[in-house]
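J.: I'd like to ask you about the structure that follows.
The values are calculated or read from the model by the stated rules, or taken from the named source; none is laboratory data. Note that this is a predicted model, so its numbers are computed, not measured. Note: ideal-geometry Cβ built from the backbone for every residue, glycine included; neighbour counts use all protein chains shown. Heavy atoms of the whole protein, side chains included, go into the accessibility calculation; ligands, DNA and RNA do not. Shrake-Rupley method; radii C 1.70, N 1.55, O 1.52, S 1.80 Å.
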Amino acid sequence: MDDFDQSLQEFQLAAQARRSAAGWLDAFEAALASRDPTRIGALFHADSHWRDILAFTWHLTSVAGRDSIAVRLAAEQARTAAQGFHLLEGRKPPRQVKRLGVDSIEAIFEFTTADGRGAGLIRLSPAPDGDGAMKAWLISTTLEALHGHEERIGANRPTGAAYSRNFGGDNWADMRRKAAAYADREPAVLVIGAAQAGLSIAARLNQLGVDTLVVEQLPRIGDSWRKRYHSLALHNSIHLNHLPYMEFPPTWPKYIPKDMLGNWFEFYADAMGINCWTGTEFVGGTWDDTAKCWTARLKCADGSERVVRPRHLVFANGVSSYPMVPDLPGLEDFKGQILHSEGFDSGAGWEGKNALILGTGSSANDIALDLHSHGVNTTLVQRGSTTVVSIDPSARLNEAIWDEGGPLEDCDLIVSSATPPLIIKAYQSVTKRMLELDREMI
Ligand SMILES: Cc1cc2nc3c(=O)[nH]c(=O)nc-3n(C[C@H](O)[C@H](O)[C@H](O)COP(=O)(O)OP(=O)(O)OC[C@H]3O[C@@H](n4cnc5c(N)ncnc54)[C@H](O)[C@@H]3O)c2cc1C
């Protein structure tokens, strides 16, 4: 096949994918409007999956099986009133892909509901009876924006009139200082923890116009990463770690060093106008049912206690930052130094000593290499057999969607469309592929 024929074939396949996806969406909208589970079900394979992120169910919901999906969609449609399903222009176009071993047409679409604007993904494959009709084996629906609370971004950005050339009045910096002080008002939301999760949610809430205060117990935003061990760089690639609205610069390395990330968090919080009190620990709170708000107690940097009364609390205090030392028999009699990885900085100063590392996760391997390169006699101990995987190409398979390129939102949408049973299948299929790729090395 010459280049022209190949281009023509690709064009025809793309046009066919577009027709199939658009036709399916039209039929889906009509079936949904009828709220008839039989009509809705007729558009799905028996073994199909639906992932809803807030759009229909106000929850993170996964439903498996044609009948369950059809009945739930019909029931939720009464309140959701989803309509206007159409392919999303300017995003990844409908295309032929192989997902979980199934040759599929994958398409990204948009719709509206009574509450807001949604986006979603379908994967279609031919019906098994061979009549040529395309049926969905996956649909995802995600709420992207709320009517009347659209994010103030792009064309909707603020004019800045409130603080521009405000002669004789406050300028932007004065207003930021006052806003962050909460001297005469209460935040609507209190976020506990100013790392990835806390900063991301605060940035989003700011754009929705929700008054949000973040508290961070450490002295500086980003310290949660700065205080981790000296040699640390992220283990997953840069694509998986962007925060909303402001991607890392394209000049940045694929694997971000920990201090670079910590510094970015500090810069990000400032750029996003996030109100954050550092050196401030959330120590407890109670719900006041009369006032319909929390009484949240904070221990401030100067040792004083302050109470704030937000309507909502968000716990973004992390899962990986709490050291867990197992109670191993004989540990209390050990005469050497015992350290959790959380307290490890570097192998410097340990030269010539013996080190035993219990566990073989990412931190253990990084720390073992660091100790070894500082001349420490290092042994790793683990319970089970070793899983050996090459970083490139095998480990990268898990990030293949982001490596494909294209808009970040599309990659995120594709990945977040997977339901738990599909995630398990995907890992099983990736593991098989890794074994093939790494056969020689293993
Ligand atoms: C050594 C190591 C390497 C890692 N490498 C990676 C990686 O490469 N890629 C990856 O995706 N993930 C990695 N992780 C996991 C990583 O911790 C999480 O992905 C990420 O930090 C989670 O962000 P978070 O905002 O949920 O929580 P955290 O980063 O844990 O942040 C929680 C924040 O809450 C603050 N806080 C806690 N309690 C309070 C309180 N009572 N009051 C006020 N503030 C409080 C903490 O000080 C902290 O700043 C790694 C973890 C470790 C330990």
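J.: Taking the range 164-175 only, how many residues are more than 20 Å from residue 208 (Cβ to Cβ) and surrounded by 13 or more Cβ atoms within 10 Å (Cβ to Cβ)? Even if it seems obvious, please write down each step before you answer.
T.: As a first pass, look at the range 164-175 and keep what is more than 20 Å from residue 208 (Cβ to Cβ): 164-174.
Right, trim to surrounded by 13 or more Cβ atoms within 10 Å (Cβ to Cβ) and you get 166, 170, 172.
Count: 3.
J.: Looking for something surrounded by 14 or more Cβ atoms within 10 Å (Cβ to Cβ), closer than 20 Å to residue 217 by Cβ, within 11 Å of the ligand (Cβ to nearest atom) and at pLDDT 95 or above - is there at least one such residue anywhere in the range 316-334?
T.: yes
J.: Filter the range 176-196 down to the residues that are open to solvent by 60 Å² or more (accessible area, probe 1.4 Å) and either within 16 Å of the ligand (Cβ to nearest atom) or without any contact (Cβ under 8 Å) to a residue 40 or more places away in the chain (or both) and list them by number.
T.: Across the range 176-196, the qualifying residues are 177, 178, 183, 184, 185.
J.: Same structure, new question: Are there any strands (runs of 3 or more DSSP E) wholly within the range 57-103 with 3 or more residues that are at pLDDT 95 or above and open to solvent by less than 80 Å² (accessible area, probe 1.4 Å), and if so which?
T.: Qualifying strands (runs of 3 or more DSSP E): 60-64, 83-87.
J.: Which residue, of 409, 440, is modelled with pLDDT of 85 or more and either exposed (fewer than 14 other Cβ atoms within 10 Å of the Cβ) or not in a helix (DSSP H, G or I) (or both)?
T.: Exactly one residue qualifies, and that residue is 440.
J.: Now for a separate question. Within the range 157-175, work out how many residues are in a helix (DSSP H, G or I) and in contact with a helix residue (DSSP H, G or I) (Cβ under 9 Å, 6 or more places away or on another chain). Walk me through how you get there before you give the answer.
T.: So in the range 157-175, the residues in a helix (DSSP H, G or I) come out as 172-175.
Filter once more, keeping what is in contact with a helix residue (DSSP H, G or I) (Cβ under 9 Å, 6 or more places away or on another chain): none.
Within the range 157-175, residues that are in a helix (DSSP H, G or I) and in contact with a helix residue (DSSP H, G or I) (Cβ under 9 Å, 6 or more places away or on another chain) number 0.
J.: If I go through the range 376-406 residue by residue, how many of them are assigned to a loop (DSSP other than H, G, I, E, B) and open to solvent by 40 Å² or more (accessible area, probe 1.4 Å)?
T.: Total satisfying the criteria: 13.
J.: From the list 357, 401, 423, exactly one residue is of a type in the set (Val, Ile, Thr) and at pLDDT below 90. Which is it?
T.: On the way: 357 fails: at pLDDT below 90; 423 fails: at pLDDT below 90.
The unique qualifying residue is 401.
J.: Only residues that are out of contact with any Phe, Trp or Tyr (no Cβ under 9 Å at 6 or more places or on another chain), surrounded by fewer than 21 Cβ atoms within 10 Å (Cβ to Cβ) and among the polar types (S, T, N, Q): list them for the range 201-228, please.
T.: 206
J.: A follow-up question, please. Does residue 237 satisfy being within 13 Å of the ligand (Cβ to nearest atom), polar (S, T, N, Q) and more than 30 Å from residue 284 (Cβ to Cβ)?
T.: Against the criterion (within 13 Å of the ligand (Cβ to nearest atom), polar (S, T, N, Q) and more than 30 Å from residue 284 (Cβ to Cβ)), residue 237 qualifies.
J.: Scan 373, 362 and give me the residue that is touching a Gly at 6+ places or on another chain (Cβ under 9 Å), open to solvent by 60 Å² or more (accessible area, probe 1.4 Å), of a type in the set (Gly, Ala, Ser) and touching a residue at least 24 places away in the same chain (Cβ under 8 Å). So that I can check it myself, show each step before the final result.
T.: Values: 362 fails: touching a Gly at 6+ places or on another chain (Cβ under 9 Å).
The match here is 373.
J.: From the list 311, 306, which residue is in contact with a strand residue (DSSP E or B) (Cβ under 7 Å, 6 or more places away or on another chain) and open to solvent by 100 Å² or more (accessible area, probe 1.4 Å)? Spell out how you get there, then give the answer.
T.: Details: 306 fails: open to solvent by 100 Å² or more (accessible area, probe 1.4 Å).
When all the criteria are applied, what remains is 311.
J.: Tally up the residues in the range 204-234 that are within 10 Å of the ligand (Cβ to nearest atom), under 21 Å from the mean Cα position of the chain (by Cα) and polar (S, T, N, Q), please.
T.: Total satisfying the criteria: 1.
J.: Anything in the range 30-52 that is of a type in the set (A, V, I, L, M, F, W, C), more than 14 Å from residue 138 (Cβ to Cβ) and open to solvent by 10 Å² or more (accessible area, probe 1.4 Å)? List them, or say none.
T.: Selection gives 30, 33, 42.
J.: Next question. Within the range 248-260, restricting attention to residues that are at pLDDT 95 or above and more than 10 Å from the ligand (Cβ to nearest atom), which residue is surrounded by the most Cβ atoms within 10 Å (Cβ to Cβ)?
T.: 248
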